[in-house]
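The values are calculated or read from the model by the stated rules, or taken from the named source; none is laboratory data. Nothing here was measured: the structure is a model prediction, and the numbers come from that model. In this analysis, Cβ positions are derived from the backbone assuming ideal geometry, glycine residues included, and neighbour counts consider all displayed protein chains. Ligands, DNA and RNA are excluded from the accessible area calculation, which covers all protein heavy atoms including side chains. Shrake-Rupley method; radii C 1.70, N 1.55, O 1.52, S 1.80 Å.
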Amino acid sequence: MAEDTSSPMDRFCGSTFWNATQTWWTNDPDFTPCFEQTALVWTPCAFYWVFVIFDFYYLKASLDRNIPWNKLNVTKALVNLGLLVITALDLIMALIKKGGDSELPLYDLDVWGPIIKFATFLLVFIFIPLNRKYGVQTTGCQFIFWFLLTVLSIPRCRTEVRLESERQKILDSQQPSEQDFSWEEYQFVSFFIFFTFTSIMLILNCFADGLPRQTKYQRGENEIPELSASFLSRITYQWFDKMALKGYRNPLEEKDLWDLRPQDSCSEVMPIFAHHWNQNVRKNYKNKARVEPKAQFSNGNVTFENPHGEKNGRKKGMASIMPPIYKSFGGVFLFGALMKLFTDTLTFAQPQVLSLIISFVEAKEAEPEWKGIMYSVLLFVLAAAQTFILGQYFHRMFIVGLRIRTALINAIYRKALRISNSTKKESTVGEIVNLMAVDAQRFMELTTYLNMIWSAPLQIGLALYFLWQQLGPSVLAGLAVMIILIPVNGVIASRIKTYQIRQMKYKDERVKLMNEVLSGIKVLKLYAWEPSFEKQVLDIRDKEIATLRSTAYLNAGTSFLWSCAPFLVSLVTFATYVLTSEANQLSVEKVLVSINLFDLMKLPLTILPMLSVDIAETQVSVNRINKFLNSEELDPNSVLHDSSKPHPMSIENGEFSWGDEITLRNINIEVKKSSLVALVGTVGSGKSSVVQAFLGEMEKLAGVVNTVGKLAYVPQQAWIQNATVRDNILFGQTYDRKRYNKVIDACALRADIDILSAGDLTEIGEKGINLSGGQKQRISLARAVYSDADLYLLDDPLSAVDAHVGKHIFEEVIGPKGILARKSRVLVTHGVTFLPQVDSIYVLKMGEISESGTFDQLVKNKGAFADFIIQHLQEGNEEEEELNQIKRQISSTGDVPELLGTVEKAIKLARTESLSDSISVTSADSLMGGGGSLRRRAKRQDSHDSVASAASLKKKQEVEGKLIETEKSQTGGVEFAVYKHYIKSVGIFLSVATLVLNFVFQAFQIGSNLWLTKWANDEKVANDTGLRDMYLGVYGAFGFGQVTAYFFCSLTLALGCIYCSKLLHETLLSYVFRWPMELFDTTPLGRVVNRFSKDVDTIDNVLPMLWRMVISQAFAVLATIVVISLSTPIFLAVIVPIAFLYYFAQRFYVATSRQLMRLESVSRSPIYSHFSETVTGASTIRAYNVGDRFIEESDAKVDKNQVCKYPSVIANRWLAIRLEMVGNLIILFASLFAVLGGQTNPGLVGLSVSYALQVTQTLNWLVRMSSDIETNIVSVERIKEYGETKQEAPWELEQDKNKPKNWPQEGRVEFQNFQVRYREGLDLVLRGVSFNIQGGEKVGIVGRTGAGKSSLTLALFRIIEAAGGRISIDGVDIASMGLHMLRSRLTIIPQDPVLFSGSLRINLDPFEIKTDDEIWKALELSHLKSFVKSLAAGLNHEISEGGENLSVGQRQLVCLARALLRKTKVLVLDEATAAVDLETDDLIQKTIRTEFKECTVLTIAHRLNTILDSDKVIVLDKGQITEFASPTELLDNPKSAFYSMAKDANLV
């Protein structure tokens, strides 16, 4: 062998390194021994040395320690030792057998080969004890190393076996041979031992090591299997199988979920982020004085530094969240970016392999078969590698997103507990909650796509580069088309956005109207006004549908552009290519590879514009979060805690502001130990501000505030948490039953707790929604009393409670004999009653203390305090006995005549105002059935509070009874009937048309591709331009066909869906309007509104898009199967098993993922509601100093949300890996069959493979979309369910038309043994009532709360239907007529005046049948004329929601005007309780007496004096009539119930 021709490698081995004829140009390929022993061994070794850095990183990052020795790691160590021994032996044997004296020369390979192997094995060996010590259970690098080593040793096995058999032949042949084979024999044996050992190591590395003994966090039995899963199980997500199976068998519940991985929990993420944040904050200060250690931990809590800094630290600028985010989570992100780069490169290797396959088929006879197989396998390996790496990439990105979200939510939460009041004023609670709900969430959604910023341009660049190689400069023509389409799309997109905004506006309008209608549905039914409002809703809906229709046209336009884009691009490019020069001829390879590359370019080109918008939006979010995190905080040093001062609480020369002008000045207050100090003054004089100053909530401009001891604080507006009553009172302290009961009795909560459905374990809704104001205030007080603090700040705790309750609380709790007698307390109060009993009084006026002293001193001063008392008494809201007490107190102090005079006057006023019965019972609490007896107490307050509790009890019962039935539709699949209902609503014609058009579209697409390959295969084209142009023309026509088909198909679908949603909404609306009243009482309003907002929106916007995707994807998959089967029919045999695999993956995924998403969204809202609660109650939380507890609660809620979120992220990856492997199998079989199946047309082969390459993505999408459809079709199910509910009696009947226009002419009302109940299964409310009222009589109805007064009127209007007996008007049974006939011929002035937003005119006459003159006449009679005249818009004056912009009295008068406009023979007057001032009341009474002289008037009275002049009085008790006679008759009889009522009201 001539030395000079050989390469250095040849010299190194002593034999040829690379021999192309032996390896490539042969039917029996093989590597040279030198190549096998160097390249194939050193590649894995090099890989391991490069990536070993990751193994070191995992050691460092591990949270666990100390895995015990077990079978697995002992075996690993032993096998590894064996490998070390065998390589060492190789080196020794080489040195003995070769070189020196022996005739075998010693080459470098013989020395270096074993050394390199030995070093690598040694490195691997060192990691066995290291991993054990640091608790690393599996490492990817080692697995990949052993995998590569094993696979790459396979060629050498073949070589060694062949050489061995050749040696045997030589030895067997008879000639005695001189050759010494001992070295070769040794190598043979040593290699196979080595090979066996590496294979064993590979198998051992498939399993993870045992569980570590020491872990940083307690590992529960519910631990996530991922932590101890092996590398193989991690990249295939095999550890998730258990959950998928569980979710498939029955719907997952919260208890089935795994615990969070410790490294994703708040306790791991927060310290890292806080450390970097604090560093960043410090960098922003010029004065570097404060150098602090790492993020400080105080009992596991993370402290964030305040970027706003002390007043002296000059800032360089805002501290931004971005640098800390990069530093905290950048590592994982970069690793992900590396993976992305890798997959992008692999993507572009696919078209190259495709072109190899095509050229292989073209030269079928010349090429050996193994090359084709190799290409197919190569294609599969590329695709599989891409699948696994992408899976890991997305997983990593999601984790980064989740961690960023955790960090931001917690940073925002911690900040919210400390922001100053001026910051708080700048933004509403909603905006602050949005930072967390929207802005932090946006980050999470962006991280997954962030890498596209560099990846998309890279992909486009690579695609262009490869295209240039295929087609030269004509690529630019295609690119130009693509780039032109981007702005066109942008324009359309912006148009769509404006339409969407418009549609949102209409939707909000419609939902707002629905909300009002449903809130006032009772009034609508009483007035028979439903048709008018139904029409209003439908009018808005029509506008909304019109907008949706325009959006649909535009959307069809976009999809039209996108579907024709790839086609136009290829048409333009190929046309340019063949027309520019005669020499340019299309070949199959060129055509297919180019089409494939253009497809690869489509995605990044679409994503880039969207991404830029997203990034801009995220930038806005970053700025908003930065602004919030940099905002001013409360100064923790504004209140001192200096125990050397004489008194526990004091302010000296204080000046305070709420951030703008000075609110309090010259404040000097001392609170002695265990004394009670009262702060009084007019509204807005700064009483509450003084309390806030003690708490350090105000900005202190001067002076000293000092408090010593533990604080408790009762705010003016009680802050109630969404928790049980007991939790609200305990507020984080331990439960001590004796103390707790004492507190409850003292705060007068015992009676309320008895009424609540679950006692003190009743859950209180958000913001205390199911409690009355007084109950909230008392719970807030009980919390303070229970906390057993030293100092009490009570900010007007008695304002919301009734007088006698207030008295009880003062005596039992606050006063000198109360529970708090030994504490120091400051009481802000509006009442005068308790002032004589306090130790000292400070009077505030205009933010200054005008005088102070004891009650007697101040009364003698005749200063501001005396004025305050006089002003207070004139308001006249004190009870009689209290006034007498004040009178005594004042007269004892000596000469103050003018004060005494005022007191006398007030006493007189209080007498006349006493009411017989302060509350009327609406249908809500008669719903309680037996609830009436609970509340027959004489006390005003009890009656008031218990109604609220009754409503809450009703709510609770209905929750217990109701929730179960809605949840039913929420688990498991959706019945086929729902789909059928949907398709029926779309219409059969449109549904079929959509499918047919989709079919046509795919047919055209396949046709155009087949045509291209036919053109490329045609030899004659080269010399015949005419033929070429014909091909080009037909290709264009095909394209035109597919584009048109697609346009119409997306149009029919969109219009069909709109038609359907219109129909569904109409039926839903008409059904809900025709519900009987009882259904409205048992269904929470929110749930009904939800149908009209969320579910209708889903049907409008979400479903059409999903359907479009699903249908087009499904047809694309079909097309793929068709094309592959065309080229290789045998493929159909593989389809069946693959389809099975696919189906199972899909079923498992859908079941599990749907439930996980539900759990996730359920667990997400508590984070936000807890946050908004915290923001609202921040001052209370700070006062009690329980911030840390709330931070922990918030962290726990975030973690709980992650617990649900993480598995759903994994479920996506689990599915993607499985589906993509199914797709990869399709690629493998399509290409294998094409290569082996003897298909000679290269065009078809290429086409089938390139279709197969696209199928993975399509399959993936198909499953996701179909599972989304299953999740969203539930909306249709819900709406369908409401369309099958019970309806009230028909509105109009045929026989009604025969009734005279002016029926009832006389107005005779007759009840015959009438019985009624509110709902099936409840007790009767009226038990056999009979009476007869002549036309034109005025009748008053009285009775205690719950006696059935309201039920009488409701029955008259058939809001509740009779259970027995009958009512007739003018001799006609009312049950025999249509509801609207009946209701429109009766008039009612309801108890609470309900107005709807809209013009005043619509509120008076919604059907617009009256003339202006009639309306003005009615307004004049109802004393509103002058008011309406004074309005700019007159009758068209817009009334806001609920009539907020009119006073209560004016609203009542509007209702009177409605009645006057109707003027029917029978009028029912349900008197307002206490809402109306006496003046308005007189006006109404006067008008009714004059205007309704001829009518029959039924009055439900609460003030007896209004009905003393009526003709008859009905006294009801427990649903029966006890007395029915004229008032004079009843008053003459002292035994009558009416007489005793009149006596109570001081009328007799």
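In region 1399-1488, what GluC sites (Glu not before Pro) fall in a loop by DSSP, with at most 15 other Cβ atoms inside 10 Å? Don't skip to the answer; put the middle values down first.
Working: sites: E1408, E1414, E1420, E1438, E1441, E1444, E1471, E1479; in loops: E1408, E1444, E1471.
When the GluC sites (Glu not before Pro) of region 1399-1488 are filtered for loop state and at most 15 Cβ neighbours within 10 Å, E1408, E1444 remain.
Would you mind working out the accessible area per residue for the chain, using a 1.4 Å probe, and quoting it in Å²?
Details: 67150 Å² over 1548 residues.
Solvent-accessible surface per residue comes out at 43 Å².
Quick one: Karplus J couplings for region 1421-1431, per residue in order, coefficients 6.51, -1.76, 1.60, θ = phi - 60°, nearest Hz, x for Gly and Pro?
Result, ordered by residue: 5, 9, 6, 10, 4, 4, 4, 5, 4, 6, 7 Hz.
Counting Lys +1, Arg +1, Asp -1, Glu -1, what net charge surrounds L163 among other residues with beta carbon under 13 Å of its beta carbon?
On the way: positive: R156, R158, R162, R167, K169; negative: D30, E36, E160, E164, E166, E184, E185.
Residues close to L163 contribute a combined charge of -2.
By how many nm would the segment from N1023 to K543 lengthen if fully extended, with 0.36 nm per residue of separation less the alpha-carbon distance?
On the way: separation 480, 0.36 × 480 = 172.80 nm, distance 6.15 nm.
This chain segment gains 166.7 nm when fully extended.
Per the 1.4 Å probe, what fraction of the accessible area of region 1504-1548, in percent, lies on carbon and sulfur atoms?
Details: 1140 of 2390 Å².
The computed percentage sits at 48.
Magnitude of the Cβ-charge dipole of region 529-621, K/R +1 and D/E -1, about the Cα centre, nearest 20 debye? Intermediate results must be reported in sequence, preceding the final value.
Working: 6 positive and 10 negative charges, 40 e Å.
It comes to approximately 200 debye.
At D508 and E426, where each label point lies 7 Å from the Cα along Cα→Cβ, what is the point-to-point distance in nanometres?
Distance between the two pseudo-spin positions: 2.4 nm.
So, in Å, what gap is there between the alpha-carbon centers of region 1127-1146 and region 1247-1293?
The distance from the Cα centre of region 1127-1146 to that of region 1247-1293 comes to 25 Å.
Calculated FRET efficiency, F56 and L89, Cβ-Cβ r, R0 30 Å, to nearest 0.05? Working shown, then result.
Numbers: r = 30 Å, r/R0 = 1.00.
It comes out at approximately 0.50.
Could you list the chymotrypsin sites (Phe, Trp or Tyr not before Pro) in region 349-391 that lie in coil according to DSSP, counting only those with at most 12 other Cβ atoms within 10 Å of their Cβ? It would help to have the intermediate numbers written out before the result.
Details: sites: F360, W370, Y375, F380, F388; in loops: none.
Qualifying residues, ordered by number: none.
Could you list which residues have their amide H under 5 Å from that of S850, counting only those 5 or more apart in sequence or on another chain, with H placed in the peptide plane?
V843, L844, K845
Counting other Cβ atoms within 10 Å of each Cβ, which chymotrypsin sites (Phe, Trp or Tyr not before Pro) in region 662-763 have at most 12 and sit in a DSSP loop? Show your work: numbers first, answer last.
Numbers: sites: F694, Y713, W719, F731, Y735, Y740; in loops: W719, F731, Y735.
Those satisfying the criteria are Y735.
Just from its helices, what would the mean residue ellipticity at 222 nm be for the chain, if runs of 4 or more DSSP H residues each count -39500 (n - 2.57) and the sum is divided by every residue, rounded to the nearest 500 deg cm²/dmol?
On the way: 54 runs with 942 residues, N = 1548.
Computed mean residue ellipticity for the chain: -20500 deg cm²/dmol.
Placing +1 at every Lys and Arg Cβ and -1 at every Asp and Glu Cβ, with all other atoms neutral, what dipole size does the chain have around its Cα centre, in debye to the nearest 20?
Numbers: 162 positive and 167 negative charges, 372 e Å.
Its charge dipole is roughly 1780 debye.
Can you find, among L252, W1303, G1041, the residue sitting farthest towards the positive end of the charge dipole of the chain, where Lys and Arg contribute +1 and Asp and Glu -1 at Cβ?
W1303
Tell me, how many Å apart are the Cα centres for region 1401-1421 and for region 402-423?
54
Might you report the magnitude of the Cβ-based charge dipole of region 571-639 about its Cα centre, with Lys and Arg at +1 and Asp and Glu at -1, to the nearest 20 debye? Mind dumping the intermediate values first?
Working: 4 positive and 8 negative charges, 56 e Å.
Charge dipole, region 571-639, about its Cα centre: 260 debye, nearest 20.
On C-alpha positions alone, give me the angle between the axis of helix 1448-1462 and the longest principal axis of the chain, in degrees, nearest 10.
80
Using the 2.2 N^0.38 Å rule of thumb for compact globular proteins, work out how region 411-477 stacks up: its C-alpha Rg over that value, please.
2.12
Just want the answer: with Cβ charges of +1 for Lys and Arg and -1 for Asp and Glu, which residue in S1163, A363, V801 is farthest toward the dipole's positive end in the chain?
Going by the Cα projections, it comes out as V801.
So how far, in whole Å, is the C-alpha centre of region 642-677 from the one of region 1095-1125?
If you average the Cα positions of each part, the centres end up 70 Å apart.
With contacts defined as alpha carbon pairs under 8 Å and 6 or more residues apart, what's the relative contact order of region 350-459 in percent?
Values: 42 pairs, mean separation 33.8, N = 110.
Once divided by the residue count of region 350-459, the mean separation gives 31 percent.
Using the Cα centre of region 19-151 as origin and beta-carbon charges of +1 (Lys, Arg) and -1 (Asp, Glu), tell me which of W24, F35, F143 is placed farthest towards the positive end of the dipole.
Of W24, F35, F143, it is F143.
Give the relative contact order (percent, whole number) for region 1392-1518; include only Cα pairs under 8 Å separated by 6+ residues. Intermediate results must be reported in sequence, preceding the final value.
Details: 128 pairs, mean separation 35.2, N = 127.
Relative CO of region 1392-1518 lands at 28 percent.
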